[in-house]
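Asker: I am attaching a structure below and will ask some questions about it afterwards.
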Amino acid sequence: MTKKILLSFILLSFFKLHAQNDNKTTFGFKGGYNKSIVDGKEPDGTRTGYIGYELYGSFFADTQLNKNWNLENEILFSYTDNYHFIEIPVHLK
């Protein structure tokens, strides 16, 4: 089952859509599989952290602002063992 999900994310990462009548905005999907290692310490000195694998996928839009600048925004969903994250990064390229 995990291999099918991973293969689906890989295939979707190569898929691209273009907006109608406007070549300045590109839409797409991306996804993958990560290994996360978080080493932390609580204020009282207790060691804490996380080591595990995660799947992630996102939908993005890349808009050309002018000849030199692009604005890329996306909504990214990440799934780990007991945690789910939704991130909304905005990149000025």
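Asker: Which order do D44, D81 take by accessible area at a 1.4 Å probe, largest first? Can you show the working numbers first?
Answerer: On the way: D44 120, D81 95 Å².
Ranked list, largest accessible area first: D44, D81.
Asker: What does the charge count near F60 come to, summing +1 for each Lys or Arg and -1 for each Asp or Glu among other residues with Cβ under 9 Å from its Cβ?
Answerer: Details: positive: K30; negative: D62, E72, E74.
Charge balance in the 9 Å sphere: -2.
The values are calculated or read from the model by the stated rules, or taken from the named source; none is laboratory data. As the structure is a computational prediction, the values presented were derived from the model and not from experiment. Glycine also receives a Cβ, built like all others from the backbone with ideal geometry; neighbour counts cover every protein chain displayed. Just so you know, the surface numbers come from the protein's heavy atoms only, side chains and all, with ligands and any DNA or RNA stripped out. Shrake-Rupley method; radii C 1.70, N 1.55, O 1.52, S 1.80 Å.
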